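Enquirer: After the structure tokens below, expect a handful of questions from me.
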């Protein structure tokens, strides 16, 4: 597993951001601090804090049910949009968490 | 308002779906009122997921007071938990996602 170069990360974010319905992307580190965002500053700070806490809660929920299990993805759907949270893993190079904000219609191209 | 028979039929249909491990219907007090799981698992899922759902809902409302949570999908290594909140009730479905 190789470390993505800065340019590759940028390119991936641009590709995701250009998908129909994508409203924004935030990357937060393992402490929940946003390190990259396509949203405005105040939204970024607010959403990062809220969703990082939610992620921690979801992760501990999964582990409380089964200590051998672990959270791999979280999707929060609301009337207006859908937030997809891809958690990072402290044990690998992929320590950052991706927060993806999309409109609440189905997206075909996001895997 | 759905008749009890309709509810039962719907739940049976969900449970018969390939990959579905179990369902739990949780009331406003966090008590499982109908489940296809054993009692202690149902109680555990009910309590934990009611907590998590409340947190998800308040996150959504904090971000936008006009918005509201409609669905929650928690995917883990072993399975996927889907939570559908409605009128202070929760419908929880646990499934093995198809590859």
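The values are calculated or read from the model by the stated rules, or taken from the named source; none is laboratory data. Keep in mind that this is a model prediction, so the values were computed, not measured. Here the Cβ positions follow ideal geometry from the backbone for every residue, glycine too, while neighbour counts run over all protein chains shown.
Enquirer: In region B:1-16, how many residues are modelled with pLDDT of 90 or more and either surrounded by 11 or more Cβ atoms within 10 Å (Cβ to Cβ) or at positive phi (or both)? Let's see the steps before the verdict.
Expert: Within region B:1-16, the subset modelled with pLDDT of 90 or more is B:9-16.
When the remaining residues are screened for being either surrounded by 11 or more Cβ atoms within 10 Å (Cβ to Cβ) or at positive phi (or both), the result is B:9-12, B:14-15.
So the count comes out to 6.
Enquirer: Still on this structure, I have one more. If residue A:33 satisfies all but one of (1) surrounded by fewer than 19 Cβ atoms within 10 Å (Cβ to Cβ); (2) touching a residue at least 24 places away in the same chain (Cβ under 8 Å), what's the number of the condition it fails?
Expert: Result: residue A:33 fails condition (2) only.
Enquirer: A further question on this structure: I'm told residue A:62 meets every condition in (1) crowded, with 19+ Cβ neighbours inside 10 Å; (2) more than 11 Å from chain B (Cβ to nearest Cβ); (3) more than 26 Å from residue B:65 (Cα to Cα) except one. Can you identify the failing condition by its number?
Expert: (2)
Enquirer: Could you look through region A:28-48, keep only residues that are more than 13 Å from the chain's Cα centre (by Cα) and away from every other protein chain (no Cβ under 12 Å), and pick out the one that is modelled with the lowest pLDDT?
Expert: If we take residues in region A:28-48 being more than 13 Å from the chain's Cα centre (by Cα) and away from every other protein chain (no Cβ under 12 Å), then A:31 is modelled with the lowest pLDDT.
Enquirer: Looking at region A:3-39 only, could you name the residues that are in contact with a strand residue (DSSP E or B) (Cβ under 9 Å, 6 or more places away or on another chain) and assigned to a loop (DSSP other than H, G, I, E, B)?
Expert: Passing the criteria: A:19, A:20, A:21, A:29, A:30, A:32, A:38, A:39.
Enquirer: Being more than 8 Å from chain B (Cβ to nearest Cβ) and surrounded by fewer than 21 Cβ atoms within 10 Å (Cβ to Cβ) is the filter here; which residues of region A:70-84 pass it?
Expert: A:84
Enquirer: Okay, moving on. Of (1) away from every other protein chain (no Cβ under 14 Å); (2) over 16 Å from the mean Cα position of the chain (by Cα); (3) buried (at least 19 other Cβ atoms within 10 Å of the Cβ), residue A:25 satisfies all except one. Which?
Expert: (2)
Enquirer: Sticking with this structure for a sec: Just to verify a result, which residue in region B:57-70, among those that are crowded, with 16+ Cβ neighbours inside 10 Å and facing chain A (nearest Cβ under 7 Å), is farthest from residue A:45 (Cα to Cα)?
Expert: B:70
Enquirer: Filter the strands (runs of 3 or more DSSP E) completely within region B:1-94 down to those with at least 3 residues that are touching a residue at least 12 places away in the same chain (Cβ under 8 Å) and more than 23 Å from residue A:83 (Cβ to Cβ). Explain how you work it out, then say what you get.
Expert: Values: elements: B:20-26, B:32-35, B:69-76, B:80-86.
Per the criteria, B:20-26, B:32-35.
Enquirer: Scan region B:85-99 for residues that are closer than 18 Å to residue B:47 by Cα and buried (at least 17 other Cβ atoms within 10 Å of the Cβ) and jot them down. Reasoning before the result, please.
Expert: Residues of region B:85-99 that are closer than 18 Å to residue B:47 by Cα, as a first pass: B:85-94.
Residues satisfying the conditions are B:85, B:90, B:91, B:92, B:93, B:94.
Enquirer: Might you let me know whether region A:42-58 holds any residue that is in a loop (DSSP other than H, G, I, E, B) and loosely packed, with under 13 Cβ neighbours inside 10 Å?
Expert: First, pick out the residues of region A:42-58 that are in a loop (DSSP other than H, G, I, E, B): none.
No, region A:42-58 has no match at all.
Enquirer: Looking at (1) surrounded by fewer than 15 Cβ atoms within 10 Å (Cβ to Cβ); (2) within 11 Å of chain B (Cβ to nearest Cβ); (3) within 30 Å of residue B:38 (Cα to Cα), can you tell me which one residue A:67 breaks?
Expert: Answer for residue A:67: the failing condition is (2).
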